[in-house]
Amino acid sequence: MTGTQRIALVTGANKGIGLEIARQLAEADVTVLLGSRDAERGRAAIDELSASGLNVAAIEIDLNDESTIARAAERIAAEHGRLDILVNNAGIVDAADGPPSMAQAAAARRLMETNFIGTLAVTQAMLPLLRRSRAGRIVNLATTLGSLAINGDPSSPYYEARLIGYNASKAALNMLTVQLAAELKATPIVVNSVAPGYVRTDLTGNNGFMTPEEGARLPVRYALLGDDAVTGRFIEPDGEAPW
């Protein structure tokens, strides 16, 4: 690795869109750390990408276990000295989620703990390393379902997608983007929410009209933004999304 080669951490990268984000970043000459809570699945993903000659390594990180987050930050500091790109991809859905009148409160709690609190914990742990980068990039994997404006628009095709736990967790993630971008506005670190589109993965029950490869392109583009990078934006494939 050269001193100028960028270092990226992608959470939840052992499968689905996270794996494709990792692949495309590595193909762009980025050293990629594949965050995975399951060590065996992480190794399998590394074997797949390494077979193509890509510069990748597995790193254990579980959004619900802050000790793994702390160890990951310590390892990145020891091995690389900094972090240039953080892609907060890891997230869950829950079968017990649903409309506000029917969703199990425990499901909403699990979703918020992973999708928002866990992402916040990872971001806080990695910020000291991102501050050592010449141009830090944080990409939060969002969804159009996290838009309050779209959730309240009867003409929207997403209007009937009432998943109070999941949608609220992603709306909270958007708040992280807004506030962190403002807090870091005097630094070289930019923060954006990127909704990749409706991608066929385990998360969507293999429904959707985009492949993981297609869905990874927009997050990767924002992870690789140049010196004229925008910050504090909510982006989807058709352009800027309303908060």
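No value in this document is a laboratory result; all are computed from the given coordinates. In this text, all values refer to a predicted model and were calculated from it rather than measured experimentally. Here Cβ is always computed from backbone atoms with ideal geometry, including for glycine, and neighbour counts include all displayed protein chains.
Among 87, 199, the ranking by other beta carbons within 10 Å of each residue's beta carbon, starting with the fewest, stands as 199, 87. Calculated on the Cα set of the range 9-96, radius of gyration then Dmax: 12.5, 42 Å. Ellipticity at 222 nm from helices only: DSSP H runs of n ≥ 4 in the chain, each -39500 (n - 2.57), divided by the residue count, give -12000 deg cm²/dmol.
Counting every other Cβ atom within 10 Å of each residue's Cβ, 84, 227 order from fewest to most as 227, 84. Only one of the values (i) 18.2, 58; (ii) 16.9, 55; (iii) 22.9, 83 was calculated from this structure for Rg and Dmax of the Cα atoms in Å; name its label. It is the value labelled (ii).
Measuring max minus min along each principal axis, the C-alpha atoms of the range 95-159 give extents of 45, 30, 14 Å (largest first).
Note on the chain: with a GNM built from Cα contacts shorter than 10 Å, the maximum mean-square fluctuation among 11, 231, 211 falls on 211. Relative to the 2.2 N^0.38 Å rule of thumb, the range 105-208 has a C-alpha radius of gyration ratio of 1.17.
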